[in-house]
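K.L.:
I have a structure here, written as structure tokens, and I will follow up with some questions on it.
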Amino acid sequence: MSLKLIRQAFTNTPPPRMWHQPEFKERYDVVIIGGGAHGLACAYYLAKEHGITNVAILEKRYIGSGGSGRNTTIIRSNYLTPEGVRFYNESVKLYEQMSAEFDFNVMFSQRGHLTLAHTDSAVRTMRRRAEVNQLQGVDSHLIWPDEIKKLCPPIDVSEHPRYPILAALYHPPGGIIRHDAVVWGYAHHADRMGVHIHQLTELTGIRVENGQVVGVETNRGYIKTGMVLNATAGWCSLIAAMAGVRLPVTTFPLQACVTEPLKPFLDVIIVSGSLHVYVSQSDRGELVMGAAVDPFASYSMNGSLAFTEGISGHILELFPALSHVRILRQWAGLCDMTPDYSPIMGFTPVKGFVVDVGWGTYGFKASPISGKTMAQLIATNSTPDLIHPFRLSRFYENDLVGEKGAASVGH
Amino acid sequence: MILIICPNCGRRNAQEFRYGGEVNPRPKQPLEVKDDAWADYLYMRDNRSGVQKEWWYHQAGCQLWFLAERNTQTNELLRTYLLDWS
Ligand SMILES: Cc1cc2nc3c(=O)[nH]c(=O)nc-3n(C[C@H](O)[C@H](O)[C@H](O)COP(=O)(O)OP(=O)(O)OC[C@H]3O[C@@H](n4cnc5c(N)ncnc54)[C@H](O)[C@@H]3O)c2cc1C
Ligand SMILES: [Zn+2]
């Protein structure tokens, strides 16, 4: 990388484009709707592991303009159900090798992740999570206030707050990453293997004949294809409706904000389910903070004062020293919430229409393994074991996954 | 959306209310409904982008459940009204 930079400094030609702006083809083997990390990762693995390169990604705005460019980048695998833990842990492993695989620094920083418990029942849930995690080989255990204070000196572990800290679930491999770099890395390598990335291209219809997808309508014209992947997260119900499929999804906005930059203040990631808040410090020094989803369903990405008010109060309860720090900016993204806080991956009743949706507030960390398993599903026309628990038909088979305890606030 | 008009109390701060989800009529004869149709009712949603009919609950007020029509793209509240039981 550095050699490349030095060489570049002595030439007049601009660096090559990360990805191109190709013309529409008449027909693609696979059309992926949504240029987020999930859609791009699937294209990458289709090309890399299955030699399927006649693939188009349709993105209505620019790549990474959805949740993939708006999330707070927490990556972890200390979930509550064995199927969840196994799945997210494969993703963490793929993230660990990503910078080397891309030859591009995605700045994955495994700085440790603490989920605080403020009540006896929360301590019980953390114990259970630690057990489930350890059985799956994931580094995760309970720690007490003295050790929390060592890992995170500015936190108030006294008995003064309304909800004193009793314990924490400590997950050392948990970390944060540069989300844009992940999106760009997948886009760049997919492009180099022949995948077409079409930005400013909006899906407007899906043509289905005799229960089989035959093509898609866009604002730039018609494309023939027999395979469509819906990877549109917050917008997934609207895309599914075009194919006549209903999903168990409701779209809620999720907000986040950052403070002005500070000197190094917080090494670890702190999450509190009871206080509905989580925080980490970015490489720029800003504290990145988030909470639970907004109180009502919406496709609007406007921020609210209720959010900044609520989060400030809760952050101050944990870190009284931050009372003079200002919030610099806030934003929102759309989250496709499912009843069991687990994704929906795989086949639908319409042939040639598959989904990778239901990523709610926690899906960024799953991008690599979702891309990999969805590519395998498309290439082999069968469901990989790892994602079998997340099939759409589970809702008709009374076989929900029940991940709420580990996913509702601690994205 | 900052204010919501409760059919009972009038204009109140939105934070007094709880959202109750899109209107999703319960099957009329529950015992005769096939399992798949029951799962559809329990889990599947329109999740509409545009004007949606939905439930609200005046939790920190008169405790009334009522209906609203809201544009989910803009959060503009078009109207709130009581369910017509007839
Ligand atoms: C504030 C916030 C914080 C979060 N924090 C975390 C976190 O810490 N850790 C974590 O793992 N997850 C987190 N998430 C969740 C995560 O961001 C998402 O689950 C994930 O990014 C989803 O990725 P995706 O590729 O499936 O969808 P997206 O990145 O949302 O991409 C979907 C794309 O589809 C496009 N699209 C929509 N309709 C059409 C159409 N008709 N035609 C063409 N394109 C269309 C959109 O423009 C969009 O770019 C957070 C989310 C938010 C909003
Ligand atoms: Zn009222």
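Computed from the coordinates by the stated procedures, all read-outs in this text should not be read as laboratory data. Please read all numbers here as calculations on a predicted model, not as lab measurements. As a convention, Cβ positions derive from the backbone with ideal geometry for all residues, glycine included, and neighbour counts pool all protein chains shown.
K.L.:
Given the rule -39500 (n - 2.57) for each run of at least 4 DSSP H residues, summed and divided by the residues of chain A, what is its mean residue ellipticity at 222 nm, to the nearest 500 deg cm²/dmol?
P.N.:
It lands at -8500 deg cm²/dmol.
K.L.:
In deg cm²/dmol and to the nearest 500, what is the mean residue ellipticity at 222 nm of chain B if only DSSP H runs of at least 4 residues count, each as -39500 (n - 2.57), divided by the residue total?
P.N.:
Helix-only estimate at 222 nm: -3000 deg cm²/dmol.
K.L.:
Also, I was wondering about something else. In chain A, if the dipole is taken from +1 on Lys/Arg beta carbons and -1 on Asp/Glu beta carbons about the Cα centre, which of A:Gly84, A:Gly112, A:Ala190 is farthest to the positive end?
P.N.:
Of the candidates, A:Ala190 comes out farthest on the positive side.
K.L.:
Where nothing but the Cβ of Lys and Arg (+1) and of Asp and Glu (-1) is charged, how large is the charge dipole of the protein assembly as shown around its Cα centre, in debye to the nearest 20?
P.N.:
620
K.L.:
Still on this structure, please answer the following. How about A:Lys150: which aspartates and glutamates have a C-alpha closer than 14 Å to its C-alpha, ignoring those fewer than 8 places off in the same chain?
P.N.:
A:Asp267
K.L.:
For A:His50 and A:Phe24, compute 0.36 nm times the residue count separating them, minus their Cα-Cα distance, and round to one decimal in nm.
P.N.:
Result: 7.1 nm gained on full extension.
K.L.:
For A:Glu397 and A:Gln97, compute 0.36 nm times the residue count separating them, minus their Cα-Cα distance, and round to one decimal in nm.
P.N.:
Length gained between A:Glu397 and A:Gln97: 104.3 nm.
K.L.:
Could you work out the Kirkwood radius for region A:160-221, taking every pair of different alpha carbons, averaging 1/r and inverting it, reported in Å? If you can, show how the numbers build up before the last one.
P.N.:
Working: mean 1/r = 0.0586 Å⁻¹.
Computed over Cα pairs of region A:160-221, the Kirkwood hydrodynamic radius comes out at 17.1 Å.
K.L.:
With viscosity set to 1.306 mPa s at 10 °C, what whole-number translational diffusion coefficient in µm²/s follows for region A:1-136 from Stokes-Einstein and a Kirkwood radius over Cα pairs?
P.N.:
Answer, rounded: 85 µm²/s.
K.L.:
Tell me, Kirkwood radius of the protein assembly as shown from alpha-carbon pair distances, in Å?
P.N.:
Kirkwood hydrodynamic radius for the protein assembly as shown: 23.9 Å.
K.L.:
Please work out whether region A:40-94 counts as rounded, prolate or oblate from its C-alpha gyration tensor, where a ≥ b ≥ c are the square roots of the eigenvalues and a/c under 1.5 means rounded, while otherwise a/b larger than b/c means prolate and anything else oblate?
P.N.:
Oblate, because a/c is 1.5 or more while a/b does not exceed b/c.
K.L.:
Which of the lysines could a cross-linker bridge to B:Lys28, judged by Cα under 26 Å and excluding same-chain residues fewer than eight apart?
P.N.:
B:Lys53
K.L.:
Still on this model: From the P(r) of region B:3-81, can you give the percent of Cα pairs sitting at distances over 14 Å? It would help to have the intermediate numbers written out before the result.
P.N.:
On the way: 1991 of 3081 pairs.
Here the tail beyond 14 Å accounts for 65 percent of pairs.
K.L.:
Just tell me which aspartates and glutamates come within less than 13 Å, Cα to Cα, of A:Lys60; anything on the same chain fewer than 8 places away is out.
P.N.:
Once the sequence-local aspartates and glutamates are set aside, what remains near A:Lys60 is A:Glu202, A:Glu217.
K.L.:
Still on this structure, I have one more. Test of understanding: ordering A:His411, A:His38 by Cβ neighbours within 10 Å, fewest first, what list do you get?
P.N.:
In order of increasing Cβ crowding within 10 Å: A:His411, A:His38.
K.L.:
I've got another one for you. With label points built 7 Å along Cα→Cβ from the Cα atoms of A:Met193 and A:Val214, find their separation and express it in nm.
P.N.:
Reported label-point gap for A:Met193 and A:Val214 is 3.1 nm.
K.L.:
With an 8 Å Cα cut-off and a minimum separation of 6 or more residues, compute the relative contact order for chain A in percent.
P.N.:
The value is 23 percent.
K.L.:
With a ≥ b ≥ c taken as the square roots of the eigenvalues of the C-alpha gyration tensor of region A:66-208, please select rounded if a/c is under 1.5 and otherwise prolate if a/b is larger than b/c or oblate if it is not?
P.N.:
Note, shape of region A:66-208 comes out prolate.
K.L.:
What is region B:1-76's relative contact order, in percent, from Cα pairs under 8 angstrom and six or more apart in sequence? Mind showing how you got there, number by number?
P.N.:
Numbers: 104 pairs, mean separation 24.7, N = 76.
Relative contact order, region B:1-76: 33 percent.
K.L.:
Sort out for me the Cα centre separation of region B:9-86 from region A:81-116, rounded to whole Å.
P.N.:
Each part's Cα centre sits 39 Å from the other's.
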